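Data block below; observations after.
The values are calculated or read from the model by the stated rules, or taken from the named source; none is laboratory data. Note that the coordinates shown come from a computational prediction; the quantities given were computed from them, not determined experimentally. Note: ideal-geometry Cβ built from the backbone for every residue, glycine included; neighbour counts use all protein chains shown.
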Amino acid sequence: MNIKTFSATDPVHYLDQILKALNSSFVYYGSNRAKKSFTHESVWIDIVKVFKTSCANGGKLIFIGNGGSAAIAGHMALDFSNRGGLRAICFNDGPLLTCLANDYSYENVFLKAINIYANPEDVLIAISSSGQSENVLRGVDAATKKGCKVITFSGFDKANPLRKLGELNVHVSIPRPNYGLVEVSHHIILHFILDYILENPA
């Protein structure tokens with residue numbers, strides 16, 4: 001993907017860059033299994049199965065992220081619950097974040113929330129463009145210790161630590177940091193998964 005020619009002044013070119021970012025998206029299975037292109041049907045079907053199985057067993061989807069990723073997390077938690085019929089929550093409520101950050105430090109906000117609210121049947125969806133957010137990484141560790149399944153969404157360097165921590169790891173591979181392209185790609189992929197569930201309820 002040629003980020004050197006990236007231009008935010010040309011909407012057609014911008015959309016083309018988003019398409020290229022989506023085409024560069026891969027899912028890594030665990031830390032040691034081979035990657036597969038997200039355009040391969042079995043990959044997103046696997047994510048759908050994880051979501052549906054969790055909720056069928058009394059679990060819920062837990063979304064976490066910072067900044068733009070927090071906005072994606074909140075939006076998708078709402079849509080998966082309201083439109084998708086799958087129980088989902090997001091830990092970006094102001095009182096919750098400020099309380100836990102004040103009492104335990106911002107690095108531990110998701111760790112503490114997961115220790116309070118998560119159950120082994122749950123799925124944690126951890127979103128971080130860089131894959132290096134300390135509070136997200138600690139949240140993933142807490143969820144793993146609780147026995148939750150973990151799905152990560154990251155970007156930029158494929159060596160980022162978050163990409164290796166989930167059972168399924170969605171990674172948007174672009175040669176140098178562009179938060180907009182990674183964030184939009186994460187949002188589109190999650191919306192695609194939701195819309196697939198809506199069109200295939202069985």
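Quick notes
- Enumerated strands (runs of 3 or more DSSP E) restricted to the range 21-132, each holding at least 1 residues that are surrounded by 18 or more Cβ atoms within 10 Å (Cβ to Cβ): 25-29, 61-64, 88-90, 123-127
- Whether a residue is touching a Lys or Arg at 6+ places or on another chain (Cβ under 8 Å), small (Gly, Ala, Ser) and at pLDDT 95 or above was assessed, and Gly147 does not pass this test.
- The set of residues in the range 100-119 that are free of Cβ contacts under 8 Å to residues at least 60 places away in the same chain and either of a type outside the set (A, V, I, L, M, F, W, C) or in contact with a Ser or Thr (Cβ under 6 Å, 6 or more places away or on another chain) (or both) comprises Asn102, Asp103, Tyr104, Ser105, Tyr106, Glu107, Asn108, Lys112, Asn115, Tyr117.
- Residues being outside any strand (DSSP E or B) and within 16 Å of Leu15 (Cα to Cα) - total across the range 137-193: 13
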